[in-house]
Amino acid sequence: MRIEVVYALADAQDIAFVELPEGAVARQAVAASGMLARHGLAAAQLRLGIFGKKVSPESPLHDGDRVEILRPLAMDPNEARRRRARRTRV
């Protein structure tokens, strides 16, 4: 199976294509991509998605899937909205 693994940073994307056997899971795709070492990520703390839908690291993959390594939000969306609203009132 050909799987795309993506890690999006604030200013760039790291994209890798990996070939895996049938029955592979998301965790294996990330490990095969080399992104854990390149970006200093901890395998135990990974949050993953497939085509934008959050999945577990043990989710089975299908040929052509796009595994996304999800980063934590920089700020809570509600707090960001409050700050924007405060700035427009001033």
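The values are calculated or read from the model by the stated rules, or taken from the named source; none is laboratory data. Quantities reported herein were computed from a predicted structural model and do not represent experimental measurements. When we count neighbours, we look across all protein chains shown, and the Cβ atoms used for this are built from the backbone with ideal geometry, even at glycine. Side chains included, ligands, DNA and RNA excluded: accessible areas come from the protein's heavy atoms. Shrake-Rupley method; radii C 1.70, N 1.55, O 1.52, S 1.80 Å.
Look at where the Cα atoms of the range 44-66 and of the range 16-33 average out, and the two centres are 10 Å apart.
If you place +1 on the Cβ of every Lys and Arg, -1 on the Cβ of every Asp and Glu, and leave all else neutral, what size is the dipole of the chain about its Cα centre, to the nearest 20 Debye?
Details: 15 positive and 11 negative charges, 212 e Å.
Dipole size: approximately 1020 debye.
Share of carbon and sulfur in the accessible area of the range 23-70 stands at 55%, probe radius 1.4 Å.
Within the shell of other residues whose beta carbon sits under 14 angstrom from the beta carbon of LEU41, the net charge comes to +2, with Lys and Arg scored +1 and Asp and Glu -1. What is the sum of charges, Lys and Arg at +1 and Asp and Glu at -1, for the other residues whose Cβ falls under 13 Å from the Cβ of LEU20? Net charge around LEU20: -3.
Largest GNM mean-square fluctuation among GLN28, GLN13, GLN45, using the chain with Cα springs under 10 Å: GLN45.
Under the combined filter of DSSP loop state and at most 14 neighbouring Cβ atoms within 10 Å, the chain retains these GluC sites (Glu not before Pro): GLU22, GLU58.
What FRET efficiency would be calculated for the residue pair ALA12, ARG47, taking the C-beta separation as r and a Förster radius of 22 Å, to the nearest 0.05? FRET efficiency, ALA12 to ARG47: 0.70.
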